[in-house]
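Structure record follows, encoded as structure tokens.
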Amino acid sequence: MHGTTTAVMDEPRMETAGPRFPRGQLLAGALGFLGLTGGVFWWLFAQLPAGHAPPALATLRWEYLGLLLLVLPLETMTSSARIWLICRVLHPGVSFWTCVQSELGNVAISILTPSQSGGGPGQIYMLTRRGRVSVGAGLTATLISFMGTLVGLLLMGVYSVLVSGIGASGPLLLAPVWTLTVIATVLLLGAIWPDLFRIALGALSRAIWRMLRRPEAVIDWWPPETSRTGPAVDRMDRRMAWLADLLYTYCADVRRFLRHGKACAVAVGLLSVAFLLARALMPYLCARFLGVDGGTLRQTVEAQVALIFLVFFAPTPGGAGIAEGASLWIMADIVPPAIAPYYTLLWRVSTTYLAALAGFVCLGLAFARDASRAVGRQPGPR
């Protein structure tokens with residue numbers, strides 16, 4: 001690793017504008033998440049019979065709470081380690097703490113977007129603020145990390161359908177498996193054959209502006225980091241050109257990462273599996289802490305493998321509502337109905353809410369500091 005640092009640092013990099021946060025969409029996502037979360041837990045606790053008492057302190061198994069607290073940071077630490085390893089190749093000098101903050105920012109924004117899919121801007125913002133990482137490298141680090149998650153999810157999906165014996169959910173899992181396969185294929189093709197997507201972007205751009213009768217909106221385009229003395233490689237509008245620039249930067253960074261960080265690529269894959277297994281282990285500890293003796297460790301982890309796979313594509317903000325319902329269905333043979341509301345709440349707190357809350361704190365502090373610096377740089381009145 002240390003021997004390749006100079007080669008990586010010497011290569012030119014493209015800078016682009018930092019990620020922008022659509023405030024209206026995030027506000028709508030926050031309202032949707034809070035509404036669905038509050039509604040589903042109101043319904044869960046309303047189903048309990050009148051006079052029902054929560055689990056008594058004497059029945060709680062506190063040793064499992066201790067184990068849960070030990071496992072709790074593993075999800076964040078393994079995800080942060082993935083980003084740190086990628087940044088060591090693409091942009092050396094990034095601290096592990098910055099990567100932890102970026103991962104927490106990712107979780108925070110992801111619970112406000114459908115299918116937990118929009119956390120990337122939060123991660124890129126935390127990585128790129130104050131020039132720690134270039135925007136291109138931040139985007140590539142996020143996408144490579146996401147590809148590691150995709151590989152882990154694909155392995156889990158295949159295991160759930162073919163090995164674990166969750167036959168009833170097999171047909172339901174086939175759609176996410178194929179969806180993940182398509183996404184992984186697109187990311188791989190983008191890294192291997194960016195010209196294919198660039199040609200499509202250019203053709204679409206020219207067709208749109210031709211129909212709008214504004215040919216002047218189409219400009220010459222060259223790949224980033226190349227001289228612009230010869231004939232243009234393509235022609236497209238500025239927005240499509242920006243997308244093409246990101247695509248070619250992503251392609252160059254992925255090739256650089258695989259060329260200089262083969263061992264890191266393997267480590268990213270292993271950390272992705274460890275990250276998902278840590279999330280699958282926490283529900284077992286939650287159930288045992290509440291005194292639930294049904295279901296072995298293997299049964300619970302296998303059930304969670306299917307649940308993680310399904311919730312990943314839930315269309316609601318952060319999977320709210322659907323995650324809880326899917327958990328009740330998947331864990332119905334293990335968690336008794338009288339314990340289900342308490343288990344579901346503890347499961348969501350340990351796997352989602354705590355990390356998201358920490359992420360919002362990190363993002364809030366970062367926004368406040370950046371805003372303060374921006375105000376300080378403005379010239380005062382004369």
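The values are calculated or read from the model by the stated rules, or taken from the named source; none is laboratory data. Please read all numbers here as calculations on a predicted model, not as lab measurements. Note: ideal-geometry Cβ built from the backbone for every residue, glycine included; neighbour counts use all protein chains shown. With ligands, DNA and RNA removed, areas are computed over all heavy atoms of the protein, side chains included. Shrake-Rupley method; radii C 1.70, N 1.55, O 1.52, S 1.80 Å.
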Spin-label pair Leu357/Phe41, simplified geometry with 7 Å Cα→Cβ offset, distance in nm: 0.9
Based solely on C-alpha atoms, express the radius of gyration and the Dmax of the chain in angstrom. 23.3, 81
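Hydropathy at least 0.5 by Kyte-Doolittle, axial extent at least 27 angstrom from the Cα trace: which helices of the chain, defined as entire DSSP H runs, fit? If you can, show how the numbers build up before the last one.
Values: long enough: 23-46 (34 Å, 1.16); 62-90 (44 Å, 1.16); 135-162 (40 Å, 1.83); 170-192 (32 Å, 2.03); 238-260 (32 Å, -0.21); 262-289 (41 Å, 1.55); 354-377 (35 Å, 1.05).
Membrane-span-like by this rule: 23-46, 62-90, 135-162, 170-192, 262-289, 354-377.
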Set Lys and Arg Cβ to +1 and Asp and Glu Cβ to -1, take the dipole of the chain about its Cα centre, and tell me which of Leu196, Ala374, Ile330 lies farthest positive. Ala374
Cβ-based charge dipole, the chain, positive-most Cα from Thr296, Phe45, Thr352: Thr352
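Using helices alone, I'd like the mean residue ellipticity at 222 nm for the chain: each DSSP H run of four-plus residues gives -39500 (n - 2.57), total over residue count, nearest 500.
Details: 14 runs with 260 residues, N = 382.
Counting only the DSSP helices, I get -23000 deg cm²/dmol.
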Heavy-atom accessible area per residue, region 201-241, 1.4 Å probe: how many Å²? 71
So how much slack lies between Ala50 and Arg238, counting 0.36 nm per residue of separation and subtracting their Cα-Cα distance, in nm? 61.4 nm
Where Rh is the Kirkwood radius over the Cα pairs of region 302-382, the temperature 37 °C and the viscosity 0.692 mPa s, what D in µm²/s does Stokes-Einstein return? 212
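How would you order 293-302, 241-250, 332-341, 41-50 from highest to lowest mean count of nearby Cβ atoms within 10 Å?
Details: 293-302: 15.1, 241-250: 19.7, 332-341: 17.4, 41-50: 12.0.
Packing order, densest peptide first, comes out as 241-250, 332-341, 293-302, 41-50.
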In debye, nearest 20: dipole of the chain around its Cα centre with unit charges on the Cβ of K, R (+) and D, E (-)? 1160
The set of residues whose placed amide H lies less than 5 Å from the amide H of Asp234, leaving out same-chain residues fewer than 5 positions away, is Trp221
Based on the Cα coordinates of region 220-266, what is the per residue volume of their convex hull in Å³? 74
If you count only protein heavy atoms and use a 1.4 Å probe, how large is the accessible surface of Ser372, to the nearest 10 Å²? 80
Tell me, what % of the accessible area of the chain is carbon and sulfur with a 1.4 angstrom probe? 69
Across Thr316, Thr229, Thr59, the residue with the highest GNM fluctuation in the chain (Cα network, 10 Å cutoff) is Thr229
Of Ile208, Ile124, Ile109, the most mobile residue in a GNM of the chain (C-alpha springs, cutoff 10 Å) is Ile208
Report the label-to-label distance for Trp178 and Tyr159 in nanometres (one decimal), using points 7 Å from each Cα along the Cα→Cβ vector. 2.5
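Between Ala371 and Leu27, take the C-beta separation as r, use R0 = 22 Å, and let me know the FRET efficiency to the nearest 0.05. The partial results should precede the final answer.
Working: r = 18 Å, r/R0 = 0.83.
It comes to 0.75.
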Could you tell me the accessible area of Ser227 in Å² (1.4 Å probe, neighbours in place), rounded to the nearest ten? 90
